[in-house]
Amino acid sequence: MQQADIQQIAALEREALQASSRNDVRRASQLWDSILARAPGHPRALRSLSHIAFQSGDLPRARSLLERLVDADGRDVQQWLNLSVVCLAMGDEAAEEAGLRGALTVSPYQLVAL
């Protein structure tokens, strides 16, 4: 990725965070989507869009975004816990358990996952 792309993504990220702080979910979502178009594995964009999808009740999209997030990053236990919660809400016990196992792989003594 070139320096100009990195700077553009950083500017879009700042704007998305500002839109989120103003509770302008539609604009924030557009900006996060724009970031993903440039950087498909962008962790903050994937996480933010998954939260927006979950809050709006779009569980399949939230799950898809979280699966992409743990595939791209997966180092944060919260990513795995969020995936597990979405899978629980969808009634997919096997995927919920896999999310918890992922969380425990990152942090073996994570109380919520235990």
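Which label marks the calculated value of mean projected area of the Cα convex hull in nm², given the options (1) 7.3; (2) 7.7; (3) 10.6?
Of the listed options (1) 7.3; (2) 7.7; (3) 10.6, (1) comes from this structure.
Take every Cα pair under 8 Å in the chain that's 6+ residues apart, average their separations, divide by the length, and report that relative contact order as a whole percent. Intermediate values should be presented prior to the final figure.
Working: 128 pairs, mean separation 17.6, N = 114.
Over the chain, the number comes to 15 percent.
Could you state how much accessible area Ser21 has, in square angstrom rounded to the nearest 10, with a 1.4 Å probe and all protein chains kept in place?
Estimated to the nearest 10 Å², Ser21 gives 90 Å².
With every protein chain left in place and a probe of 1.4 Å, what is the accessible surface of Ile52, to the nearest 10 Å²?
Near enough 40 Å² of accessible area.
Nothing charged except the Cβ atoms of Lys and Arg (+1) and of Asp and Glu (-1): what's the magnitude of the dipole of region 4-114 about its Cα centre? Round to the nearest 20 debye. Show your work: numbers first, answer last.
Working: 12 positive and 14 negative charges, 71 e Å.
Using Cβ point charges on Lys, Arg, Asp and Glu, region 4-114 gives about 340 debye.
Tell me the accessible surface of Asp24 in square angstrom (1.4 angstrom probe, heavy atoms of protein chains only), to the nearest ten.
Approximately 60 Å² of Asp24 is accessible to the 1.4 Å probe.
Let me have the relative contact order for region 72-114, percent, based on Cα pairs under 8 Å that are six or more residues apart. Could you put the intermediate results ahead of the total?
Details: 43 pairs, mean separation 17.1, N = 43.
Computed over region 72-114, the figure is 40 percent.
State the answer as a single residue: which of Ser20, Ala72, Val86 lies farthest towards the positive end of the charge dipole of region 1-113, with beta carbon charges of +1 for Lys and Arg and -1 for Asp and Glu, about the Cα centre.
Ser20
Order 35-41, 89-95 from most to least packed using the mean count of other Cβ atoms within 10 Å.
Ranking, from highest mean packing down: 35-41, 89-95.
The values are calculated or read from the model by the stated rules, or taken from the named source; none is laboratory data. For clarity, every value in this text was computed on a predicted model and none was experimentally measured. Cβ atoms come from the backbone with ideal geometry, glycine included; neighbour counts cover every protein chain shown. With ligands, DNA and RNA removed, areas are computed over all heavy atoms of the protein, side chains included. Shrake-Rupley method; radii C 1.70, N 1.55, O 1.52, S 1.80 Å.
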